[in-house]
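Report on the following structure.
The values are calculated or read from the model by the stated rules, or taken from the named source; none is laboratory data. Everything numeric in this text was worked out from a predicted model, so none of it was measured. Using ideal geometry, Cβ is built from the backbone for each residue, glycine included, and neighbour counts are taken over all protein chains shown. Calculation scope for accessible area: heavy atoms of the full protein, side chains included, ligands and nucleic acids excluded. Shrake-Rupley method; radii C 1.70, N 1.55, O 1.52, S 1.80 Å.
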Amino acid sequence: MGHATRTGDGWLTGTTVVLAPEGGAVAAVDVRGGGPGTKETDALDPRNVVQKVEALVLTGGSAYGLDAASGVMAWLEERRRGVRVGPDPAHVVPVVPAACVFDLGRGGDFRARPDAAIGRAAVEAAAAGEPGGEVREGCVGAGTGAVVGLLKGGVGTASTVLGSGITVAALVVANAAGSAVDPETGVLYGELFQGRVRYPDAKVHDAARGRLAALAARNTPPPLNTTLAVVATDAGLSKAQAQKLAGTAHDGIARAVRPVHLLNDGDTVFALATGTVALDAGQPLALNEILAAGADTVTRAITRAVRAAASVDGPGGMWPSYGELYGEP
């Protein structure tokens, strides 16, 4: 995967691309938010003809930012990657589903949003990355202008290897109208599902609540948001099984953000399956383990996104990071 990030001079946005292996990957999607902004998601319906996709695009810029997918399509076409539609090997149509988050104006300029050039930069960064390499988190790519409640959001990742040897991983753009923080304790909701929790000092929490209350009056733009996620596995899933994975992964968002799936959210989860590890049909619980892991990794990825984010104070608004308010409880 790769990021393209734009900041300064009115910009606070970007695009993130997940590039499938050569030949594509099985993909599916599940949309739960009431205000989604998407492209090519109908192609992922198990009833439809497309079986694999070459890339997924997560982008800022609301519906305007979906133009970033055009740059990714052009890059793929140049490499003859896509659905073959003619006698010439160059006659391909790359299927590049995309989803956007709302971050318009957060850098100060409402018209500063991703375009095809930024999409191309993101896919080039993805192609240049090393398999298994470190993924940048925080205020990068599609998470550059992300906000979670009154806090700065961003990009987060998490992964796990199951006992079967199957890997499940999640990439999220945490940009929610709801909050990731328990208002009574200051603990991140998602960390309540990860074992022992160290609670912030009461004085620290009181100070954080006071500061956030003051900021609520200053940050006047409407809470138009969206949390995006890609859950990927090396298991050999069908499109229907991948769609189930995308659906259950929404539970991971609900554990980490409250409230969730609102009318002014566009919460969307994609699932990708590369199929390099066979799913043992003789073990009916194998798929259940993947489904459970998908939700768990999304929860962990959201908490990592919030912890990795850096504070922003600019012409478009002020959003402190969780780390600035609470340190490392």
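Filtering 71, 86, 34 for residues that are part of a helix (DSSP H, G or I) and on the phi < 0 side of the Ramachandran plot leaves a single hit, 71. Under the condition of being closer than 30 Å to residue 178 by Cβ, of a type outside the set (S, T, N, Q), touching a strand residue (DSSP E or B) at 6+ places or on another chain (Cβ under 7 Å) and in contact (Cβ under 8 Å) with a residue 60 or more places away in the chain, the residues counted in the stretch 13-45 number 13.
Screening residue 49 against (1) open to solvent by 20 Å² or more (accessible area, probe 1.4 Å); (2) touching a residue at least 60 places away in the same chain (Cβ under 8 Å); (3) assigned to a loop (DSSP other than H, G, I, E, B) leaves a single unmet condition, (2).
Quick check, is residue 68 open to solvent by less than 30 Å² (accessible area, probe 1.4 Å) and within 19 Å of the chain's Cα centre (by Cα)? Considered against the rule, which asks whether it is open to solvent by less than 30 Å² (accessible area, probe 1.4 Å) and within 19 Å of the chain's Cα centre (by Cα), residue 68 comes out as yes.
Okay, residues lined up against (1) acidic (Asp, Glu); (2) in contact with a Lys or Arg (Cβ under 7 Å, 6 or more places away or on another chain); (3) touching a residue at least 60 places away in the same chain (Cβ under 8 Å):
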residue: 256; (1), (2), (3): no, no, yes
residue: 263; (1), (2), (3): no, no, yes
residue: 266; (1), (2), (3): no, no, yes
residue: 291; (1), (2), (3): no, yes, no
residue: 295; (1), (2), (3): no, no, no
residue: 322; (1), (2), (3): no, yes, yes
